[in-house]
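Down below is the structure, laid out as structure tokens.
The values are calculated or read from the model by the stated rules, or taken from the named source; none is laboratory data. A quick note: this is a predicted structure, and the numbers were derived from the prediction, not measured. Positions of Cβ are backbone-derived with ideal geometry, glycine not excepted, and every protein chain shown enters the neighbour counts.
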Amino acid sequence: MPDPAKLVRTIALMNQKGGVGKTTTTVNLAAAMARAGRSTLVVDLDPQAHASLHLGVDPGAVERSVYDVILGEAPITECVRAAGENLMVLPSTTDLAAAESELASIPDRQKRLENAFRDFGDRAEFILIDCPPSLGLLTINALTAAREVIIPMQAHFLALQGVGKLLETVGLVSKAVNPRLRVTGVVLCMHDTSSSHTKEVVADMEGFFEQARGQESPWKFARVLRPAIRRNIKLAECPSFGKTIFDYAPQAPGAEDYQKLADGLLREWDALLAKRQAEAPVPEIVVPAPGDGVPA
Ligand SMILES: Nc1ncnc2c1ncn2[C@@H]1O[C@H](COP(=O)(O)OP(=O)(O)OP(=O)(O)O)[C@@H](O)[C@H]1O
Ligand SMILES: [Mg+2]
């Protein structure tokens, strides 16, 4: 029987729209999980290499990167490096931009990352994948390898339209190669709680997810995750120092928001693991869902 304590939770942070908070959320959520004592791997799947820079890795000096892993030129264990206590990073380089076209002619092109994660085993309990702002083959690799999707977004009307397109892609990947893929929810980034426009968009989003509960889809149990991440200048400053918010400004609102978000996800995860552990056999799929015995 598999040991449920060893299950790996693989989460793709995706949104094809640029500049919505994907990298900021991946890095600081991962750092918060690591601070809670959980071993966490950040996979930088974006040729811009912002997550690598944010974690203090100079992409120009990286010898082995996610590019080598995707193209099968090096084992993942040789490419992952430490980024702090309980925190690891599989860095990116600008070469990764070429991987997108090189992948096109390779067999199993959608499954390169999934295969690599299998080789990584349970060296990390959480794997957070920072996706590029596109729906190309790199993002498809992330969706094929992941069990969950978290969508960082800003609460604007136009952003809602983008979410429709994004869910369509998740639906296609789920049907074609990864039926276990689930959308966990949306993280509201650079959030302004005082604006009435923002409140309307959040209400629309919640209404949309509520309606989706009735039908089978990967976003059947999706929700707007709490807390929203407030706009906080310290979050914008820390990448240029190669530091997470916890190392750069641990008292800042950004640190508080990301720690609370991580703690909520970890609580759900632990409650679900405890529940599943009591059942036999232990199913392979473990994605928290409302009404699943998980405390709010
Ligand atoms: N809560 C926040 N408060 C203030 N600034 C933020 C916040 N979250 C993100 N930012 C800033 O907004 C910009 C875009 O964020 P980020 O790089 O995380 O977005 P992204 O979706 O990863 O972008 P890309 O699509 O280019 O990869 C960055 O300069 C980042 O520092
Ligand atoms: Mg980014």
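Observations
- For segment 132-169, residues that are farther than 15 Å from Val43 by Cβ and either within 16 Å of ligand 1 (Cβ to nearest atom) or in contact (Cβ under 8 Å) with a residue 40 or more places away in the chain (or both) total 20.
- Test: residue in segment 110-120 that is closer than 22 Å to Ile245 by Cβ, at pLDDT 95 or above and not in a helix (DSSP H, G or I): no
- Residue within segment 71-86 that is buried (at least 24 other Cβ atoms within 10 Å of the Cβ), within 16 Å of ligand 2 (Cβ to nearest atom), at pLDDT 95 or above and not in a loop (DSSP other than H, G, I, E, B) present: no
- Flag: Ala31 does not match the condition of being within 16 Å of ligand 2 (Cβ to nearest atom), touching a Leu at 6+ places or on another chain (Cβ under 8 Å), not in a helix (DSSP H, G or I) and not acidic (Asp, Glu).
- Taken residue by residue, segment 103-116 has no member that is farther than 26 Å from Ala31 by Cα and within 16 Å of ligand 2 (Cβ to nearest atom).
- Close pairs (7 angstrom Cβ cut-off, 6 or more residues apart or separate chains): assigned to a helix (DSSP H, G or I) in segment 170-187, surrounded by fewer than 21 Cβ atoms within 10 Å (Cβ to Cβ) anywhere: Gly171/Ser217
- Any hit, segment 104-111, residues being of a type in the set (Lys, Arg), touching a residue at least 40 places away in the same chain (Cβ under 8 Å) and touching a helix residue (DSSP H, G or I) at 6+ places or on another chain (Cβ under 6 Å): yes
- Residue check, Thr10 in contact (Cβ under 8 Å) with a residue 60 or more places away in the chain and in contact with a Cys (Cβ under 9 Å, 6 or more places away or on another chain): no
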